[in-house]
Structures are given as C-alpha cells and as structure tokens.
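Below is one structure, written out as structure tokens, with a few remarks after it.
The values are calculated or read from the model by the stated rules, or taken from the named source; none is laboratory data. This one's a predicted model, so the numbers in the text were calculated from it and none came from an experiment.
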Amino acid sequence: MSGPAAGAGMLAGLVAQAEAEGARMVTLRALVEEASELGAQRALEMVGLRDANAGSDMVQLRQLMQGWRDAKKSAVNAVISWVVRTLAAALLLFMGFKLGLFPAAGG
C-alpha cells in the first residue's frame, strides 16, 4: 500500500503504539497537528507559494488557466466552424456541377 491511505494507516498505528506506551492522546494529537502544519508549510515553500503574494499568485494562475480554457474552446469552435463551412461550400459546388450550372472545363 502506498500514498495517503498508507500514510494515514501508518500514522494511526504510531499513535496507537505511543498511546499504548503511556503517551496521552491529547499530546499525540497536538504533535500530529503540528507536524501536519509544518509539512504543509514546507510543501507550499517548495512550490513557491509561501510568501505574502501567494494568494494573488493563485488568483492570477486561475485566471491564466481560465484564459487558456477559453482560448482552447474558441479555437476548437473556429476549426469546427471552418470545417462545416468548407464542407457546405464543397457540397454546393458539387450540386452545381451535377445540376449543370457550371460548364464543363475543356469542352
């Protein structure tokens, strides 16, 4: 087992072991909470989000991602529209030739 579930199981086991050896549950919970807080701070620092500008950085990142999604959606819609118009024009030309609206070339 790996990942968060394994870590939670290991943590529960260590807390149970410490409690069995005489440690108070309140002390253990405080220790786990403090370690969690330090770990979260370390993780934020590793990705560069621990400074005072982290909140505005996240807002800007979300706006950038939304802009990317909007641009991608617009590009896909433009391509679909272009393909549909091209097929419609080709169909009209084909129908024009079949109905004899355009004289045959070379003859």
Fill in the blank from the handout: Subset of region 49-107, residues assigned to a helix (DSSP H, G or I) and of a type in the set (Phe, Trp, Tyr), comes to TRP68, TRP82, PHE94, PHE97
Handout entry: Pick from region 1-56, criterion over 29 Å from the mean Cα position of the chain (by Cα) and of a type in the set (Val, Ile, Thr), ranking: modelled with the highest pLDDT
Key = VAL32
Practice task
Specify the residue that is modelled with the lowest pLDDT; the eligible residues are those in region 57-98 that are within 22 Å of the chain's Cα centre (by Cα) and among the polar types (S, T, N, Q).
Solution key: GLN60
